[in-house]
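Everything on this sheet refers to the single structure shown next.
The values are calculated or read from the model by the stated rules, or taken from the named source; none is laboratory data. Just so it is clear, the model here is predicted, and its values are computed rather than measured. Cβ atoms come from the backbone with ideal geometry, glycine included; neighbour counts cover every protein chain shown.
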């Protein structure tokens with residue numbers, strides 16, 4: 001790293017108080033593909049900027065978190081969620097004397113590979129890909145998970161104006177290992193992991209190699225627990241009064257303050273107080289028990305609400321029809337040749353052609369290649385674009 005000497009001294013001074021288990025900016029292992037140095041930005045600062053200016057990040061503002069195509073513009077989007085995780089991660093890192101810049105970069109990139117239509121979209125893609133793999137007895141393609149897809153976006157996605165993001169090894173690892181859905185009271189990094197060997201197989205199989213990556217994994221949960229409840233209230237699926245009193249008294253005791261902000265504050269304070277001067281992160285027994293209860297409440301009252309369950313079925317239909325359509329193009333050599341060589345009035349096909357040309361896939365031959373290509377294309381769609389493609393291709397009114 002060749003920083004301007006004065007700027008490097010400033011960074012070193014700012015990070016001099018970091019504990020030995022924190023990741024210093026000057027100690028980054030770099031990138032898979034080296035790039036020219038910037039004298040006034042550390043590698044992790046550059047990662048933040050590379051993500052913020054990328055097309056996959058811009059599309060997150062049109063991907064919903066839980067509620068699909070919401071009419072209320074205040075309902076959380078995937079971009080807003082990423083910004084929340086970044087903010088929470090930075091707050092925790094600053095209070096624990098960890099590298100907030102690294103954590104922010106991981107947080108901003110952690111959902112770049114998420115599907116349209118939120119959690120229901122991911123469930124649909126998992127089912128669709130599993131169906132195709134079983135049909136072809138294909139064992140080469142790993143089950144779809146958005147953490148692995150986010151790493152694919154970082155390493156592979158390009159277009160006419162943008163090369164792949166090519167983020168640092170530390171950020172790549174934090175992104176692919178950010179899954180925090182299992183109830184985790186205690187989380188310690190895999191400090192001795194070989195960062196340069198981390199690939200998509202690490203998703204849901206490994207812990208982050210840095211404590212900053214662990215912070216993001218915890219912050220992801222902190223971010224959505226209260227916000228999903230708040231959004232469900234705004235969508236009139238539940239009422240604030242539905243939150244059990246024991247949860248309210250533990251996580252958000254002040255009746256005059258916003259419930260979500262109190263939950264975030266309570267969880268941050270508890271995590272910080274139980275993790276100070278430790279090379280791991282930990283919640284107290286009492287707060288962790290409340291978190292598990294809140295997750296169970298959200299699952300029963302929000303995620304499994306009849307209205308959302310009904311939408312899940314429609315989301316699956318939309319993505320399955322799109323998947324079938326574009327995979328058929330790759331499977332049928334005549335159709336493929338026709339759309340690649342003739343002017344296109346079919347907008348979805350025109351976008352698909354541009355996508356294939358931009359991505360520069362090395363091969364379209366194997367079944368695994370084709371399923372992965374269509375997965376990449378559909379996962380990159382926003383909610384609105386997926387709906388528009390469905391309506392355009394099948395000439396039906398939106399079913400959402």
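Some notes on this structure:
- Residue list for region 85-104, filter: closer than 20 Å to residue 153 by Cβ and more than 12 Å from the chain's Cα centre (by Cα): 89, 102, 103, 104
Table: residues versus (1) surrounded by fewer than 16 Cβ atoms within 10 Å (Cβ to Cβ); (2) on the phi < 0 side of the Ramachandran plot; (3) in contact with a helix residue (DSSP H, G or I) (Cβ under 6 Å, 6 or more places away or on another chain).
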{"residue": "165", "(1), (2), (3)": "no, yes, yes"}
{"residue": "171", "(1), (2), (3)": "no, yes, yes"}
{"residue": "202", "(1), (2), (3)": "no, yes, yes"}
{"residue": "207", "(1), (2), (3)": "no, yes, no"}
{"residue": "210", "(1), (2), (3)": "no, yes, yes"}
{"residue": "215", "(1), (2), (3)": "no, yes, yes"}
{"residue": "222", "(1), (2), (3)": "no, yes, yes"}
{"residue": "227", "(1), (2), (3)": "no, yes, yes"}
{"residue": "236", "(1), (2), (3)": "yes, no, no"}
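- Qualifying residue in region 243-266 (condition: modelled with pLDDT of 95 or more, touching a helix residue (DSSP H, G or I) at 6+ places or on another chain (Cβ under 6 Å), in a loop (DSSP other than H, G, I, E, B) and crowded, with 19+ Cβ neighbours inside 10 Å): yes
- Residue 120 being in the same structural domain as residue 212 (by TED's automatic domain parsing) and in contact (Cβ under 8 Å) with a residue 24 or more places away in the chain: yes
- Close pairs from region 133-157: first assigned by TED's automatic domain parsing to the domain that holds residue 48 and at pLDDT below 85, partner surrounded by 19 or more Cβ atoms within 10 Å (Cβ to Cβ) and in a helix (DSSP H, G or I), Cβ under 6 Å, at least 6 apart: 141/133; 141/371
- For region 270-287, a residue qualifies if it is touching a helix residue (DSSP H, G or I) at 6+ places or on another chain (Cβ under 9 Å) and either crowded, with 20+ Cβ neighbours inside 10 Å or more than 19 Å from residue 208 (Cβ to Cβ) (or both), and the qualifying residues are 270, 271, 275, 276, 281, 283, 284, 286, 287.
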